[in-house]
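A.B. asks: First the structure, which I've put down as structure tokens, then a few questions once you've had a look.
The values are calculated or read from the model by the stated rules, or taken from the named source; none is laboratory data. These numbers come from a predicted model, not from an experiment. As a convention, Cβ positions derive from the backbone with ideal geometry for all residues, glycine included, and neighbour counts pool all protein chains shown. The protein model used for the area step is the full one, side chains on, heavy atoms only, and it has no ligands, DNA or RNA in it. Shrake-Rupley method; radii C 1.70, N 1.55, O 1.52, S 1.80 Å.
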Amino acid sequence: MNDFITILIDTLSQFSITLDNTAVDRLCVYHDQLIEWNEKMNLTALTEPHDVALKHFADSLMLFRYCDIENGASVIDVGTGAGFPGMVLKIARPDIRLTLLDSLNKRLIFLEAVCDALGLDDVELIHSRAEDGSRTELRDRFDIAVSRAVASLNTLCEYDMPYVKVGGRFIAMKGKGSEEELQAAQNAITTLGGELLQKHDFVLGDAGERSIIEIKKITETPSQYPRKSKQIKNKPL
């Protein structure tokens with residue numbers, strides 16, 4: 001067993017998360033593809049096995065430790081980057097109906113290659129800016145919208161909430177300082193039709209403090225949201 005998978009499994013065991021052999025094999029392939037493609041394009045600044053295992057893969061899988069994801073749930077990863085957390089979640093739980101959305105097509109080309117290598121033919125790849133995608137048929141479509149390390153929480157709410165159907169959840173995966181972000185996002189959460197469900201705080205080894213914030217969508221997001229990107233950044237809710 002290589003260093004990457006040893007570190008990953010040891011870390012997950014501390015949180016009572018287990019993976020079947022198929023998932024382990026696929027995560028190894030994903031890791032190898034990530035490192036190989038990273039030599040051609042900038043996918044991640046983390047390349048050491050310990051860092052990749054802990055800060056990308058284990059961090060992504062923490063969602064299963066703290067959040068209940070029903071069988072067959074529709075999940076969109078908004079601003080997926082190199083596929084975290086969405087691709088990792090799909091590998092661990094193939095029943096998830098996954099959509100990966102990103103504004104950079106080169107990342108989606110990489111993710112398409114990963115899907116091909118893993119034989120995952122049911123992952124939807126969308127090339128779009130976050131604020132544009134939810135103005136299409138993707139609006140109000142998903143049980144769960146998730147984002148990890150993309151933007152501040154009040155901004156993320158405006159990007160992600162429009163994708164979620166009423167009764168669904170927006171899940172933000174955050175690092176240190178999440179409590180301050182949550183307080184600053186109260187108006188955004190309410191304005192966009194949500195309410196705080198739970199905030200889960202934990203420490204992920206030497207990766208440090210982590211938080212998973214679950215927001216339930218209780219009413220439809222008003223039609224004027226999301227606004228244009230410049231407005232979202234210059235005047236967050």
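A.B. asks: Test R169 against the criterion of being basic (K, R), within 28 Å of E112 (Cα to Cα), modelled with pLDDT of 95 or more and in contact with a Ser or Thr (Cβ under 8 Å, 6 or more places away or on another chain), and give yes or no. Even if it seems obvious, please write down each step before you answer.
C.D. replies: Values: basic (K, R): yes; within 28 Å of E112 (Cα to Cα): yes; modelled with pLDDT of 95 or more: yes; in contact with a Ser or Thr (Cβ under 8 Å, 6 or more places away or on another chain): no.
Spelling it out, it is not the case that R169 is basic (K, R), within 28 Å of E112 (Cα to Cα), modelled with pLDDT of 95 or more and in contact with a Ser or Thr (Cβ under 8 Å, 6 or more places away or on another chain).
A.B. asks: Okay, next question. With respect to E70, determine if the residue is open to solvent by 10 Å² or more (accessible area, probe 1.4 Å), assigned to a loop (DSSP other than H, G, I, E, B), in contact with a strand residue (DSSP E or B) (Cβ under 9 Å, 6 or more places away or on another chain) and at pLDDT 95 or above.
C.D. replies: On the way: open to solvent by 10 Å² or more (accessible area, probe 1.4 Å): yes; assigned to a loop (DSSP other than H, G, I, E, B): yes; in contact with a strand residue (DSSP E or B) (Cβ under 9 Å, 6 or more places away or on another chain): yes; at pLDDT 95 or above: yes.
Yes; evaluated as a whole, the condition is true for this residue.
A.B. asks: Separate question: Being over 24 Å from S134 (Cα atoms), among the basic types (K, R) and touching a Leu at 6+ places or on another chain (Cβ under 8 Å) narrows it down to one of R93, R107, R26, R65, so name that one. Before the answer, list the steps.
C.D. replies: Working: R93 fails: touching a Leu at 6+ places or on another chain (Cβ under 8 Å); R107 fails: over 24 Å from S134 (Cα atoms); R65 fails: touching a Leu at 6+ places or on another chain (Cβ under 8 Å).
After ruling out the rest, the residue left standing is R26.
A.B. asks: What number of residues in the range 105-128 are under 16 Å from the mean Cα position of the chain (by Cα) and either acidic (D, E) or at pLDDT below 95 (or both)?
C.D. replies: Residues flagged as under 16 Å from the mean Cα position of the chain (by Cα) and either acidic (D, E) or at pLDDT below 95 (or both) within the range 105-128 amount to 1.
A.B. asks: Among the candidates L27, L43, which residue alone is modelled with pLDDT under 95 and either crowded, with 18+ Cβ neighbours inside 10 Å or not charged (D, E, K, R) (or both)?
C.D. replies: Details: L27 fails: modelled with pLDDT under 95.
Just a single option satisfies the conditions, and that option is L43.
A.B. asks: Follow-up question, since we're still on this one. Which one is surrounded by the most Cβ atoms within 10 Å (Cβ to Cβ), of the residues in the range 192-225 that are in contact with a Lys or Arg (Cβ under 6 Å, 6 or more places away or on another chain) and of a type outside the set (G, A, S)?
C.D. replies: Filtering first and then ranking leaves I213.
A.B. asks: Quick one: count up the residues across the range 73-99 that are among the hydrophobic types (A, V, I, L, M, F, W, C) and open to solvent by 20 Å² or more (accessible area, probe 1.4 Å). I'd like the intermediate steps shown before the answer.
C.D. replies: Restricting attention to the range 73-99, the residues satisfying the condition of being among the hydrophobic types (A, V, I, L, M, F, W, C) are 73, 75-76, 78, 82, 84, 87-89, 91-92, 96, 98.
Retained after the next criterion (residues that are open to solvent by 20 Å² or more (accessible area, probe 1.4 Å)): 92.
Selection size over the range 73-99: 1.
A.B. asks: Checking D102 against (1) open to solvent by 10 Å² or more (accessible area, probe 1.4 Å); (2) at negative phi, which single condition isn't satisfied?
C.D. replies: Unmet for D102, out of (1) open to solvent by 10 Å² or more (accessible area, probe 1.4 Å); (2) at negative phi: (1).
A.B. asks: Ok, one more. State all residues of the range 92-108 that are under 23 Å from V24 (Cα atoms), among the hydrophobic types (A, V, I, L, M, F, W, C) and out of contact with any strand residue (DSSP E or B) (no Cβ under 7 Å at 6 or more places or on another chain); if no residue qualifies, say none.
C.D. replies: A92
A.B. asks: Right, something else. Can you find a residue in the range 157-176 that is out of contact with any Pro (no Cβ under 6 Å at 6 or more places or on another chain), part of a strand (DSSP E or B) and loosely packed, with under 14 Cβ neighbours inside 10 Å?
C.D. replies: For the range 157-176, residues out of contact with any Pro (no Cβ under 6 Å at 6 or more places or on another chain), part of a strand (DSSP E or B) and loosely packed, with under 14 Cβ neighbours inside 10 Å: present.
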